[in-house]
1. What does the extension gain come out to for ASP297 and ALA260, with contour length at 0.36 nm per residue minus their alpha carbon separation?
2. Taking 0.36 nm per intervening residue step and subtracting the Cα-Cα distance, what contour gain separates ASP168 from ALA59 on full extension?
3. Using alpha carbons only, how many angstrom separate the centre of the range 239-303 from the centre of the range 440-492?
4. With r defined as the distance between the Cβ atoms of ALA285 and LYS338 and R0 fixed at 45 Å, what FRET efficiency is calculated, to the nearest 0.05?
5. Please report the net charge: other residues with Cβ closer than 10 Å to the Cβ of GLY36, K and R +1, D and E -1.
6. Normalising by the residue count of the chain, find the relative contact order in percent from Cα pairs under 8 Å and 6+ residues apart.
7. Rounded to the nearest 20 debye, what is the charge dipole size of the range 92-203 about its Cα centre when +1 sits on each Lys and Arg Cβ and -1 on each Asp and Glu Cβ?
8. Size of the dipole of the chain about the Cα centre, Lys and Arg at +1 and Asp and Glu at -1 on the beta carbon, nothing else charged, in debye to 20?
Amino acid sequence: MMHVSRRRFLEATAMLAATAPLAGVDAKGRGAPMDGVAMADAVRSGKTTPAALVEAAIARLEKANPKINAVAFPNYDRARAAAAKAAAAPLAGIPTVIKDIQPEAGLPFTNGCRGLKDVIAPATHPYLRAVGASGAISIGRSTTPEFGLTCTTEPLLTGNTRNPWSLDHTAGGSSGGSGAAVAAGVVPVAHATDGGGSIRIPAAVNGLVGLKPSRGRMAGGTAMKAVTDLSVWCCVSRTVRDTAAWYAATEATGPDQRFAPVGVVAGRGEARRLRVGAQLSGNGAPPHPEVARVFADAIRLLEKLGHRVADQPLAFDVAGAADAFSVAWGVGAARGAKAVADHLGRAPGPDDLEPLTLGWAEIGRRQTPETMAKATATLEDLAARYNAQFEALDIYMTPTLGRPPVRIGELAPTRPYGDVQALLNDYVRYTPMENVSGAPAISLPIGMSRDGLPIGIQFASKPGGEKLLLELAYALEAELEWHKRIPPVWVG
């Protein structure tokens, strides 16, 4: 399946290669490896080969993984075979990792769950077929919390995934392994999925770019139209141009496409004054002071660039949104529990599913057709109210998270749902509404806490508005040069 013509992509990536910096060097003289666009350009120009890029990435993973536990299931032989027969493609030879929540034929497909620890996928998800057609080569399947249900990656099956900026802190979730692998310099860009913030959260805590596309935008997802179709897929990366290239190579372009394809966004575009609505609270309470400080810095930068920023009131009822979303989330957990039961041929117990999953699944099992219809109607109303903002706004701006990265164990899935519900709702208060509304959103690494942890700020636009988000991201990246920030655990 061809998602972007090679000629069109090559012309655009030539512009990409000329517009963004390739590497950064920290105070200790450690340099970042080339980003993905530079790697693909080097392959096309004959300066390197896919095989060489894959071997270097494998060596980096072998060095970093004992510290950060980002990849649960390496597939080196498969990667080497793919590199040996790699053909011209938009992302030719770029090493990556694939989150263990979408299937790849012949590889483990556990969803981070002990009850599925022996499952081997019989087929490949359509989106991952698009990733393969792009030329990117996976060296392993990255860690995820059980069924991608929570915002930290600490599953009992594979253990804690740790943040390269501080090993005592979470790498986020549910695309935590992908986030940690990119932040540590193992690969330049990695596959990620997002059902309630799972691209944007690991991007925020690892100091990365994380774009959540519009519902129905990407290959393999064009049939998704309902407010309960929460999950979408794309990537996390260190540079905006890597996200732009991955996005263009894997967006849907066939007859069933929901939106006109964006193609490769190669820069900030035409300068124009954007109408930005800033919402700091998200639930009526202030976020952590460090988050508020970085948010204020982001507003000042936007104003410096000529954009008009004004406070934006919440367009929806927070309590109603939380209740309705918890119903949808619980139904998803119950669906995962049923998959485990079907696989095992018996009801799963505490040796198969984690306490947090069991608690969420119980919420799902309690739902009736009437309560589901009520929750769905609430979500539809919330989505309409949220998207109506963009009649007067170009960009809706919030923090990505309510706090800087939390410590390992604070939101562990071994804690019962009732014990962590309030903490989870406060921490991830900003991200779920974009999944309900179907709007695109991008988390950008705008600042750092005073103790050296990344803090992300989220920017959203109307459904189909990814081009505007990427252009804004380029402008902010040019000012902040976040790709030059290198964490203590670094294997570049």
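1. This chain segment gains 9.9 nm when fully extended.
2. Full-extension gain reported as 36.8 nm.
3. Rounded to whole Å, the Cα centres lie 9 Å apart.
4. Result of the calculation: an efficiency of 0.80.
5. -1
6. 19
7. Here the range 92-203 has a charge dipole of around 120 debye.
8. Charge dipole of the chain: 980 debye, to the nearest 20.
The values are calculated or read from the model by the stated rules, or taken from the named source; none is laboratory data. Please read these numbers as outputs of a predicted model, since none were measured by experiment. Quick reminder, even Gly has a Cβ in these numbers, built from the backbone with ideal geometry, and neighbours come from all protein chains shown. For the accessible areas, the whole protein counts, side chains as well, though only heavy atoms, and no ligand, DNA or RNA atoms are used. Shrake-Rupley method; radii C 1.70, N 1.55, O 1.52, S 1.80 Å.
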